[in-house]
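The numbers here are math on the coordinates, done by the rules we state, and not lab data. Please read all numbers here as calculations on a predicted model, not as lab measurements. Neighbour counts run over all protein chains shown; Cβ positions are idealised from the backbone, glycine included.
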Amino acid sequence: MQPISSIDYKTLILETNGYFGEYGGMFIPEVIRPNMEALTATFFACKDDPDFIAELKQAYKEFSGRPTPLTPLTTLSEQLGGAQIYLKREGLNHTGAHKINHCIGQVLLAKRQGKKRIIAETGAGQHGYATAAVCARYNMECVVYMGKKDYDRQRPNVFWMETLGAKVIPVMDGSQTLNDAVIAAFKDLIAHPEDSHYLLGSAVGPHPFPVLNTYFQKIVGEEIKEEMQQQLGRLPDICVACVGGGSNAMGMFFEFLNEEAVTLVGVEAGGRSSKVGEHAAKVNYGKKGIFEGYYSYFLQDDDGNISNTHSVSAGLDYCGVSPILAYLYDQKRVQFANATDVDTLAAVKQLAQNEGIILALESAHGLSYVLEQAPQLSKDKIIVLNGSGRGEKDLFITMKHFQADSLKIFMENQLKSL
Ligand SMILES: *Cc1c(COP(=O)(O)O)cnc(C)c1O
């Protein structure tokens, strides 16, 4: 028997009124309150409805390819000489990451509400890509906002979103990046509160999004538990996930929250250094505040303005963190670490060469932590890493760091052939 936690975190989260300790809330313009309250009511009505759950599970299986495998990293574990490492292969999902889990879930909720139009915002484009795919599948109109700067530098993802039938709108305001796209998406919702659903892409934002996306992602930890049971007949000792907004981490951790014997670790983007603007480590370096509709830790400068962020991985390059993770950190239920850009890139290469798996740069932050921890643990310990995405999408970034000359030759040839 595993010791059971004294707090029933699973119930506490799923029965929330929008707050997790002091974190969370619904700080939104009054005009969209009815929209958010209707979404909240639909979510609470659906979450225990067997028909809804059956439809969700079927979509996970038929459209996304779940369940994803739990792969033992035998060579790597042996080489490190410590704990046994297992990788949850969320990168094998359709569109390449865990993001599709909550995109499917939210579109099913929107359908239940009779909505025909989905609004989303995206920075790097991965969330927009998953959203566009799910909208095409479920015959929903899809509008994606992107800061103009992101729109220009992430053209391949813009192209795929448009190919999937989405309308991608460049946002010319502010710094023309993610936070400006979020404002544009909220404005669109304010103009179309009746027929539109705002599909938010992580376990952040106003209530009900943190709990709703945790609910749609918890399949990850549920599968890990079952796969561990089948392969080893026990629970893992340590679960590790990277943290951007926190959806893949909450998805992995949720099922283990009440199992006190399982250590849960979130790994944030340490970037280039611990200086303001050079990383995206909210829990480690952020301050409490309200932004984008919720109360949590945010990266701020000395005057309380939201500061710039940096990470080699676009998916972790965000200023806020899930209010649920902020709460679990205060409770000492989830620990936080961070990994630098340099260590993350080295981790990608090591996994590729030892195990034949190219991991997303986001997930490789978690791997960097695992590479450091595993040798210090005995061989009977088990670490599971959430491989939130596959790394093919990172081609140009990874290649720039590993083989800048090859990238240059390739680009020059592509230009010549135009
Ligand atoms: C978007 C993304 C993340 C970060 O988002 P979370 O909500 O923190 O999970 C992590 N990994 C991959 C592969 C992503 O695409």
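Along the chain, counting only GluC sites (Glu not before Pro) with a DSSP assignment other than H, G, I, E or B and at most 12 other Cβ atoms inside a 10 Å radius, the longest segment between sites is 195-418.
Select from Q113, Q376, Q176 the residue whose mean-square fluctuation is largest in a Gaussian network model of the chain (Cα-Cα springs shorter than 10 Å). Ranking Q113, Q376, Q176 by mean-square fluctuation puts Q376 first. Along its first, second and third principal axes, ordered by size, the stretch 136-192 spans 33, 29, 11 Å in Cα coordinates.
Restricting the stretch 342-383 to trypsin sites (Lys or Arg not before Pro) that sit in a DSSP loop and have at most 15 other Cβ atoms within 10 Å of their own Cβ leaves K379. Candidate cross-link partners of K400 among the lysines, defined by an alpha-carbon separation under 28 Å and a same-chain spacing of 8 or more, comprise K88, K99, K148, K149, K275, K282, K349, K408, K416. For the stretch 305-390, the spherically averaged projection of the C-alpha convex hull amounts to 7.0 nm².
Counting charges near G245 (Lys, Arg +1; Asp, Glu -1) among other residues having Cβ under 14 Å from its Cβ returns a value of -3. Over all other residues within a Cβ to Cβ distance under 15 Å of G271, the charged ones net out to -3, with Lys and Arg as +1 and Asp and Glu as -1. Taking the chain, the Cys residues with no second Cys beta-carbon under 4.7 angstrom are C46, C103, C239, C242, C319. Of interest is the spacing of the C-alpha centroids, which for the stretch 207-240 and the stretch 270-316 amounts to 27 Å. Net charge of the neighbourhood of L299, taken over other residues with C-beta under 11 Å away and scored Lys/Arg +1, Asp/Glu -1, is -2. Among beta bridges from DSSP that stay inside the chain, the antiparallel ones total about 35%. Taking a ≥ b ≥ c as the square roots of the eigenvalues of the alpha carbon gyration tensor, the chain is rounded, as a/c is under 1.5.
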